[in-house]
Every structure is written in C-alpha cells, then in structure tokens.
Amino acid sequence: MAQEVIKIRGGQTLKGTVDIHGAKNSAVAIIPATILAEEPVTIEGLPQISDIDTLVSLLEDLNIKTEIDGTTLHVDPTEIKNAPLPNHKVQSLRASYYMMGAMLSRFNKCVIGLPGGCPLGPRPIDQHIKGFKALGAEVDESSSTSMKLEAEHLAGAEVYLDVVSVGATINIMLAAVRAEGRTVIENAAKEPEVVDVANFLMSLGANIKGAGTTSIKIEGTDHLHGTTHTVIPDRIEAGTYMCMAAACGEDVRINNIIPKHMEPLTVKLKELGVNVDVQEDHAVISKGDTYQSVDIKTAVYPGFATDLQQPITPLLTMCDGISTVTDTIYPKRFKHVDELERMGASITTDDGTATIKPSTLSGAEVYASDLRAGACLIVAGLLTQDVTTIYNVKHIYRGYTDIVKTLKSLGADVWTEEV
Ligand code: EPU
C-alpha cells in the first residue's frame with residue numbers, strides 16, 4: 001500500500017519566521033470539555049492536526065453540531081445525545097480518554113473504547129479511574145476493548161494522585177465540575193495545559209481554584225454556559241522548532257510563545273551553547289559555534305518536558321563531550337535511538353538513560369515510531385549532508401501543523417513522496 005514519506009536533504013541553513021499554533025495537549029482536552037456546556041462554544045487558535053479532526057468527529061457521534069473554519073471550531077452541543085463511542089476512532093489517539101470524564105459529567109454514563117496513542121512504554125489510566133470512582137462512578141473494565149462508566153449521582157471528593165498525571169488531573173477536573181459539592185485534587189499536575197483547560201472551564205462558569213499548583217479545588221455547578229476561548233501556544237511545537245534552529249539555523253524567529261513555558265528548554269539550549277534571544281512573545285534562535293555536553297533529566301512541569309527529550313537528542317551528537325538524557329516520566333521513550341544509530345549516532349541506553357557520544361550524522365531510511373520520535377528524526381535529518389527518508393509520518397502529522405510547508409519556508413530542502 002502506498003504511504004507518504006518525508007525526505008530531507010540536510011546541510012541547508014534555516015532562516016525566517018515560524019508562527020506557533022495552539023497547544024495540542026490543551027486543545028485535545030478542551031474539545032471533549034465542550035460537551036459540558038449547554039450553549040454554543042467557540043475555540044480559537046487550534047492546531048490543524050489529525051488528532052483534532054478525530055476528536056471533532058467524536059463530538060459529531062454525540063449529535064453535536066460542529067463547524068471548523070481554519071483554526072477556529074464552533075461547537076453547538078444543544079442537541080447532544082449519549083452514544084457509545086466507536087473503538088477505531090478512540091484508539092487512534094491517547095486524548096480520547098478525556099471523553100470519559102466529560103461524558104460521565106454530562107450524562108452520568110458512558111461506554112467508550114480504550115485509548116491508544118504513542119507507544120511510549122506502559123501508559124496506565126489507573127489514576128483517572130481512581131478519581132472517577134472517588135466521585136461515585138462504577139467502572140466496568142471487564143471488556144478488553146472498551147470501558148463502561150456509570151454513576152447514579154456524582155459527588156465531590158478528595159482525590160490524592162499517586163502519580164503526578166496531566167491526563168488524570170484534567171479528567172478528574174472534567175468529571176468534577178458538575179458534581180455536587182467540593183472536589184480537591186491533591187498532587188495535581190501543574191502543566192500549562194492543565195491551567196488552560198481550567199481557564200476554559202471557568203469561562204463556562206465552572207468554579208475552580210488552584211490550577212497550576214499541586215492542589216486544585218473545584219466546587220460543582222449545575223449549569224455551564226457558552227464561551228469563546230483561545231488555546232495557549234504549543235510549547236512543544238515551539239521547542240521542536242527551537243531545536244531545529246539550534247541544529248542549523250541563523251536568526252530563526254519563533255513567534256507566539258509564552259517565554260515562561262519555554263524556560264526549561266531555553267535554559268538547556270543556552271547551556272549547550274545555542275544563541276537564544278527570548279523576548280516578550282517570541283524568540284530568535286541561531287546555531288552556536290560549538291556545543292558543550294549537557295545532562296538532561298525530564299520531570300513534571302516546570303521540569304524539562306519528556307516531549308522535548310527526543311527532539312533535543314540529535315543536538316547532543318554535536319557536543320564536544322558525552323551527554324546524557326534521562327526520562328523519568330517514560331523510561332522506555334527511547335525508540336528514536338535505534339533510528340539515530342542508523343544515521344551514525346553513537347548512543348547507548350540503559351535503565352531510562354541515553355548516553356550520547358559526539359558523532360557525525362548521515363542520511364538513512366528511518367522509521368518514526370511515535371510523534372516526538374518523528375520530530376527528532378527531522379532534526380537529525382537537517383544535521384546531515386545527504387538525504388534522510390522518514391517512514392510512518394502519520395505520527396508527525398498528529399502533532400505538527402503543516403510541518404513540511406513550514407520547514408520549506410525556512411529554507412530546508414524537504415519534500416514528501418508516495419512510496
Ligand atoms: N500514569 C500512571 N497512571 C495514570 C496516568 C499516568 O501511572 O493513571 C503515569 C504514566 O505512565 C507516566 C506518568 O504517569 O509515567 C505521566 O503521565 P501523564 O498522565 O502525565 O501523561 P498523559 O496525560 O497520558 C500527557 C501528554 C503527553 C506527555 C505527558 C507528560 C496529552 C494528550 N499527552 O500524557 O504528550 O508526554 O502528558 O507530560 O496531553 C506528546 O504530546 O507527544 C505526548 C505524549
């Protein structure tokens with residue numbers, strides 16, 4: 001069967017401007033959250049990626065009227081009807097699990113396929129379920145393909161997360177905003193996307209305090225009205241382009257960023273030797289003359305994002321000494337390493353840590369095992385002097401709006417082919 005591949009001929013200098021889109025991991029929660037509203041909702045600044053299309057189609061399965069106009073989505077949930085959500089759509093992305101919290105909240109009942117998403121090692125949802133149960137839901141997990149959640153009545157509760165989880169924090173917020181009384185989520189995730197979803201829910205009339213801290217307090221409300229909300233900029237998309245500019249860029253301007261959200265990355269890039277000039281809402285990045293080795297350890301926000309450890313890794317092959325990357329969130333998120341080795345990188349992995357020695361990368365045929373692995377391979381391809389062919393690029397299109405077009409506009413020699 002024919003499939004699209006991305007081909008990159010490295011060795012060009014990237015120059016120009018990139019406009020960052022709305023955050024994928026915020027948008028993929030806000031779209032399911034629209035079903036909590038009883039009036040029309042408009043979401044602005046959405047990324048144009050396949051995960052968004054899938055979620056919009058899931059809303060339509062619930063008889064919700066939707067209209068997409070570029071990066072704006074209009075949702076009219078006034079005729080909403082409960083329905084079991086089909087496995088094939090739900091399984092194509094991770095964030096479909098937000099339909100659980102949202103539907104439980106809206107209907108007190110839902111039947112939904114189990115979530116899919118990038119293969120990053122084990123990705124349990126036990127903390128989501130713990131939260132739903134605490135609020136009064138019965139969860140039937142007897143099927144290997146779907147899950148049934150049902151509550152006679154949702155009531156506020158105190159939920160202590162055993163693991164800091166972005167997904168569980170948001171899902172429990174979704175389930176709690178219409179529950180009776182007060183819910184407290186302790187050991188909550190502090191990621192900017194959690195705050196954005198909370199701001200969206202508050203603009204519908206929800207009563208939430210403490211989003212962005214480890215303790216989130218929610219007072220349930222009966223009625224949530226309509227709103228217009230703009231999604232925050234995608235710190236991972238911005239970070240990926242920063243890594244590309246650090247590989248081979250000269251004055252690449254990255255527009256529409258929140259500098260505070262970029263700090264864990266920009267600090268590391270400066271430590272490496274990248275020229276980073278951060279202004280109020282944009283950054284200008286140029287490749288440095290030489291790069292010094294660094295040690296990176298991923299952690300929950302405001303630590304270094306696990307989603308950026310893959311895109312930054314090719315830069316570490318350019319360093320004078322030996323660098324390490326330890327992923328404490330997903331210790332098995334190293335599928336990109338085999339592909340980088342095919343390109344000539346010298347990397348060993350052991351127990352959640354990759355050790356990267358200086359090496360020169362050259363073009364090869366490589367496979368994008370997941371979204372950020374795909375982004376990593378693009379950075380690597382830009383660093384070579386010959387052609388890299390990336391297979392399985394559907395993962396890349398799940399997270400980056402028009403990435404090939406953007407790279408071309410920066411002067412990269414990149415194109416797609418059907419093979
Ligand atoms: N975890 C549990 N139990 C749970 C939930 C999570 O043990 O019930 C563990 C996970 O296995 C992981 C850690 O907790 O080790 C953190 O997982 P989290 O729940 O925070 O991840 P997630 O919500 O499933 C989101 C992003 C990921 C990003 C992680 C970490 C979305 C849709 N996905 O996943 O983004 O890596 O947070 O920041 O928001 C990506 O964009 O490429 C991506 C994978």
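The values are calculated or read from the model by the stated rules, or taken from the named source; none is laboratory data. Everything numeric here is computed off the predicted structure, so don't read it as measured data. Note that we place each Cβ from the backbone using ideal geometry, even for glycine, and neighbour counts take in every protein chain shown. Just so you know, the surface numbers come from the protein's heavy atoms only, side chains and all, with ligands and any DNA or RNA stripped out. Shrake-Rupley method; radii C 1.70, N 1.55, O 1.52, S 1.80 Å.
Only beta bridges with both residues in the chain are counted; by DSSP, about 70 percent of them are antiparallel. Volume per residue of the convex hull around the Cα atoms, evaluated for the range 189-321, comes out as 100 Å³. Other residues with beta-carbon under 15 Å from the beta-carbon of residue 63 carry, at +1 per Lys or Arg and -1 per Asp or Glu, a net charge of -3. Of 217/268; 133/394; 133/332; 7/287, which ones are farther than 31 Å apart at the Cα? Long pairs (Cα-Cα over 31 Å): 217/268; 133/394. Over all alpha-carbon pairs in the range 36-139, figure out the percentage whose distance exceeds 23 Å. Tail of the P(r) past 23 Å holds 30 percent of the pairs.
Quick check: from the Cα gyration tensor, does the range 63-119 come out rounded (a/c under 1.5), prolate or oblate? Because a/c hits 1.5 or more and a/b fails to exceed b/c, the range 63-119 counts as oblate.
Mean projected area of the convex hull spanned by the Cα atoms of the chain, taken over all viewing directions: 18.6 nm². Round to the nearest 10 and give me the degree value, 0 to 90, for the angle of helix 98-107's Cα axis relative to the longest principal axis of the chain. Long axis of 98-107 versus the principal axis of the chain: about 10 degrees. Among the GluC sites (Glu not before Pro) in the range 138-190, those located in a DSSP loop and surrounded by at most 15 other Cβ atoms within 10 Å of their own Cβ are 141, 152.
Peptide packing: for 159-165, 119-125, the average count of neighbouring Cβ atoms within 10 Å per residue gives the ranking 159-165, 119-125, highest mean first. Mean residue ellipticity at 222 nm, helices only, the chain: -9500 deg cm²/dmol; runs of at least 4 DSSP H residues each add -39,500 (n - 2.57), and the sum is divided by the number of residues. Between rounded, prolate and oblate, where does the range 283-398 land on the alpha carbon gyration tensor, with a ≥ b ≥ c its root eigenvalues, rounded for a/c under 1.5, else prolate if a/b exceeds b/c? Rounded, because the longest to shortest axis ratio a/c is under 1.5.
Take residue 202: with every protein chain present and a 1.4 Å probe, its accessible area is about 70 Å². The angle between the Cα long axis of helix 306-316 and the main principal axis of the chain comes to about 0°, on a 0 to 90 degree scale. Only Cα pairs under 8 Å and 6+ residues apart enter the sum, and on that basis the relative contact order of the chain stands at 21 percent.
When the chain is described by a simple charge dipole with +1 on each Lys and Arg Cβ and -1 on each Asp and Glu Cβ, the residue from 184, 37, 382 located farthest towards its positive end is 382.
Highest average first, the peptides 47-60, 270-283, 187-200 ordered by how many other beta carbon atoms sit within 10 Å of their residues are 187-200, 47-60, 270-283. In vacuo Debye scattering of the range 304-360, one point per C-alpha: log10 I(q)/I(0) at q = 0.18, 0.22, 0.26 Å⁻¹? The Debye formula, applied to the Cα set alone, gives -0.52, -0.78, -1.09.
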